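A quick write-up on the structure given underneath.
Here, each number is a calculation from the coordinates, and none is a lab measurement. Nothing here was measured: the structure is a model prediction, and the numbers come from that model. Note that each Cβ is placed from the backbone with ideal geometry, even for glycine, and that neighbours are counted across all protein chains shown.
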Amino acid sequence: MSALSVVNAQHITGHILDITFSDGHNTVVDFAPFIFSVGHPDYEPYKKQDNFLAYKLEDGNLNWDDYTMIFPVEDLIPQSPV
């Protein structure tokens, strides 16, 4: 079984992306709560939408500025209640 990866990401609005995974699953992720609450200076540039939208798909991940900001694929998938 191959590792799950991001195959596409489309901007919806603000800091919200519609993400498609290699298994065909889609989810909508709002990155604003993280970006605006973390308080780390490395993430300050991404508060500006233009900087946030400069992401790239690399090695199956969403990547900003050569790994300045990256999220594990597993963290982007909504977890089902057990």
Amide H of Val7: which non-local residues (sequence gap of 5 or more, or other chain) have their own amide H closer than 5 Å, using H built in the peptide plane?
-> Thr20, Phe21, Ser22
Just subtract the alpha-carbon distance of Ala32 and Asn51 from 0.36 nm times their residue separation and send over the number in nm, one decimal.
-> 5.6 nm
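Mind sorting Leu57, Leu76, Leu17 by how few other Cβ atoms lie within 10 Å of their own Cβ, fewest first? Walk me through the intermediate numbers first.
Working: Leu57 14, Leu76 19, Leu17 22.
In order of increasing Cβ crowding within 10 Å: Leu57, Leu76, Leu17.
Dipole magnitude of the chain about its Cα centre, charges +1 at Lys/Arg Cβ and -1 at Asp/Glu Cβ only, in debye to the nearest 20?
200
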Select from Pro45, Pro72, Pro33 the residue whose mean-square fluctuation is largest in a Gaussian network model of the chain (Cα-Cα springs shorter than 10 Å).
-> Pro33
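How would you classify segment 6-71 from its alpha-carbon gyration tensor, with a ≥ b ≥ c the square roots of the eigenvalues: rounded for a/c under 1.5, else prolate if a/b is greater than b/c, otherwise oblate?
Details: a/c = 2.03, a/b = 1.51, b/c = 1.34.
Since a/c reaches 1.5 and a/b is larger than b/c, the shape of segment 6-71 is classed as prolate.
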May I ask you to sort Glu58, Glu74 by Cβ crowding, counting other Cβ atoms within 10 Å and putting the fewest first?
-> Glu74, Glu58
